[in-house]
Amino acid sequence: MSSTTIQGVTSTDKTAIRNAATVIALRDRHSSNPKVLMGQRGAKAAFMPNKFVFPGGAVDLADAAVPLAEPLPQTCQERLAEQASTGLHHALAVAAIRELWEETGLILGLPGEWGSPVDPDWQSFAATGHLPSARALQFVFRALTPPGRPRRFDARFFLVDASQVTGDLDDFSRASDELSHLQWIPLSEVRSFDLPFITEVVLAEVTGRLRDETPPESVPYFRNDDEKSLFMRLKGYPMPEDG
């Protein structure tokens, strides 16, 4: 397996495990009907075809160099640093914000002007007059795709309260066509959709955090390597035997 790594960001070699970031946007969390933002992958997608998923995708090489108006919370930086390359937390946060923008057209940022040449992937975001901000992101889950899949990702899941997103939460007119049927799905109904197994596990974690708005001190890590699968926690706490 060949790959190139810059500041912990793996190249686009399809046989490599790629770092990835996923955003779980949570709306009306304190109401009787909280919702999450999801869309459906295409029938011809190589990875999880037809499944309903959260916005997200692989970290790009350029993400490490994109400036943030505000960094991730310190607790999240520390959890992301465990069993990971040095400095990777910045690129992961940038990728999360970029993927949310590209796949939904929603902005996680602060008003401001870019003071340096803008990477092509960020020109449309910069044109809105915003700088990416990671302050509202909370690292809540990590999962490594099992061996034998057409794509493998080391995915970090970030929870964000929809109140921290700029603009009309129901306007997806600026979204790419990567996800179809974008919608805010009530947590009470989401399991009736065609979901990947790991998404159901993550949803259980999110449901348990509805009343807690602080970054978690301990983060579940579903690690599927070539030898065995482990359900562990970053921060050293073992998972209960019953999962």
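Please treat every number below as a calculation from the coordinates, not as lab data. No experiment lies behind these values; they were computed from the predicted model shown. So basically every Cβ, Gly included, is an ideal-geometry build from the backbone, and we count neighbours across all protein chains shown.
Based on the Stokes-Einstein relation at 20 °C and a viscosity of 1.002 mPa s, and on the Kirkwood radius from alpha carbon pairs, the stretch 5-234 is assigned a translational diffusion coefficient of 121 µm²/s. Build a GNM of the chain with springs between Cα atoms under 10 Å apart, and of Glu78, Glu189, Glu102 the one that fluctuates most is Glu189.
With a simple spin-label model that places each label point 7 Å from the Cα along the Cα-to-Cβ direction, the separation between Thr166 and Ser116 comes to 2.0 nm.
Helical runs assigned H by DSSP (4 residues or longer) give the chain a calculated mean residue ellipticity at 222 nm of -5000 deg cm²/dmol, each run adding -39500 (n - 2.57) before division by the residue total. Within the shell defined by Cβ-Cβ distances under 14 Å, the residues around Arg135 carry a net charge of -3, with Lys and Arg each +1 and Asp and Glu each -1. Here each label is just a point 7 Å from Cα along the line to Cβ, and for Met232 and Ser85 those points are 2.0 nm apart.
Of the residues Thr128, Leu106, Ser116, the one whose Cα sits farthest toward the positive end of the charge dipole of the chain, with +1 on the Cβ of Lys and Arg and -1 on the Cβ of Asp and Glu, is Leu106. The 3J(HN,Hα) values that the Karplus relation (6.51, -1.76, 1.60; θ = phi - 60°) gives for the stretch 24-41 are, in residue order, 9, 8, 10, 10, 6, 5, 9, 8, 7, 9, x, 9, 10, 8, 9, x, 9, 6 Hz. Gly and Pro appear as x. Modelled this way, with points 7 Å down the Cα-to-C-beta line, the labels at Glu205 and Ala127 are 3.6 nm from one another.
Applied to the stretch 163-172, the Karplus parametrisation 6.51 cos²θ - 1.76 cosθ + 1.60 on θ = phi - 60° returns per-residue 3J(HN,Hα) values of 5, 8, 8, 7, x, 6, 5, 9, 9, 10 Hz, with x for Gly and Pro. Beta bridges assigned by DSSP with both partners in the chain are antiparallel in approximately 70 percent of cases.
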